[in-house]
1. Give the residue that is farthest from residue 63 (Cα to Cα), with candidates limited to residues of region 18-48 that are outside any helix (DSSP H, G or I) and under 19 Å from the mean Cα position of the chain (by Cα).
2. Would it be correct to say that residue 78 is at pLDDT below 90, loosely packed, with under 14 Cβ neighbours inside 10 Å and part of a helix (DSSP H, G or I)?
3. Would a scan of region 49-59 turn up a residue that is assigned to a helix (DSSP H, G or I), touching a residue at least 40 places away in the same chain (Cβ under 8 Å), under 16 Å from residue 27 (Cβ atoms) and not assigned by TED's automatic domain parsing to the domain that holds residue 171?
4. Does any residue of region 81-100 turn out to be in contact (Cβ under 8 Å) with a residue 24 or more places away in the chain and basic (Lys, Arg)?
5. Going residue by residue through region 93-104, is there one that turns out to be outside any helix (DSSP H, G or I) and aromatic (Phe, Trp, Tyr)?
6. What's the number of the condition residue 118 fails, among (1) closer than 15 Å to residue 169 by Cβ; (2) among the aliphatic types (A, V, I, L, M); (3) without any contact (Cβ under 8 Å) to a residue 24 or more places away in the chain?
7. Given the residues 134, 148, which is the only one that is small (Gly, Ala, Ser) and over 19 Å from the mean Cα position of the chain (by Cα)?
Amino acid sequence: MERNEQPRHEDFVRLWSAHRSQLYSFVFSLIPNHAEAEDVFQRVSIVLWNKFSQFQLGTDFWRWSARVAQYEVQDYRKRKTRERLKFWSDEVIDAIAAAHVEYSELLQHQQQALGRCLEKLSPRDRELVALRYGEDQVTTKSLADRLGRPLMTLYKALSRIRRNLYECVQRTIAREQRG
């Protein structure tokens, strides 16, 4: 998509769906009360929808929406100044927001690298990871029983796979940072 292309409702739904939970986590990190965070998050959702025509397609939706959320959190805090206790200053909110955005981007890079590293595993190792950590998330003991393999053998195999994946992710991210 070109950067100057007019955003459509379908674009908003696609981008919103991809970043919704990440954005809620961001708001909750700044307002650690579920009810209040949910209220602010709903407000953020409405503001993002109303201002989506200002968003430039092809740019970073996560950064844009996090900035809007940060402003909404600050606005919420200003409305709450009537309360006696004020725990965080705007500077603290800004620092937490910046750290959260940066951490989220790192986590996203790590998840993408992990996906590529999983693809590099042998089919047998990939199947073992899927059985152990997939939707069912069975215990290693029950997996060993199911596969008819000794428990210690399975522990060692999973440990080796995790170590290899960790090293692969680290190499992948380092290579991306250099390139």
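The values are calculated or read from the model by the stated rules, or taken from the named source; none is laboratory data. Fair warning: this is a prediction, and the values are worked out from it, not measured in the lab. Neighbour counts run over all protein chains shown; Cβ positions are idealised from the backbone, glycine included.
1. Of all residues in region 18-48, those outside any helix (DSSP H, G or I) come to 31-33.
Within this subset, residues satisfying the condition of being under 19 Å from the mean Cα position of the chain (by Cα) are 31-32.
Values: 31: 18, 32: 21 Å.
Filtering first and then ranking leaves 32.
2. yes
3. Of all residues in region 49-59, those assigned to a helix (DSSP H, G or I) come to 49-54.
Subset that is touching a residue at least 40 places away in the same chain (Cβ under 8 Å): 52-53.
Checking which are under 16 Å from residue 27 (Cβ atoms) leaves us with none.
No: region 49-59 contains no residue that is assigned to a helix (DSSP H, G or I), touching a residue at least 40 places away in the same chain (Cβ under 8 Å), under 16 Å from residue 27 (Cβ atoms) and not assigned by TED's automatic domain parsing to the domain that holds residue 171.
4. Scanning region 81-100 turns up no residue that is in contact (Cβ under 8 Å) with a residue 24 or more places away in the chain and basic (Lys, Arg).
5. Taking region 93-104 first, the residues outside any helix (DSSP H, G or I) are none.
No, region 93-104 contains no residue that is outside any helix (DSSP H, G or I) and aromatic (Phe, Trp, Tyr).
6. (3)
7. Details: 134 fails: over 19 Å from the mean Cα position of the chain (by Cα).
It is 148.
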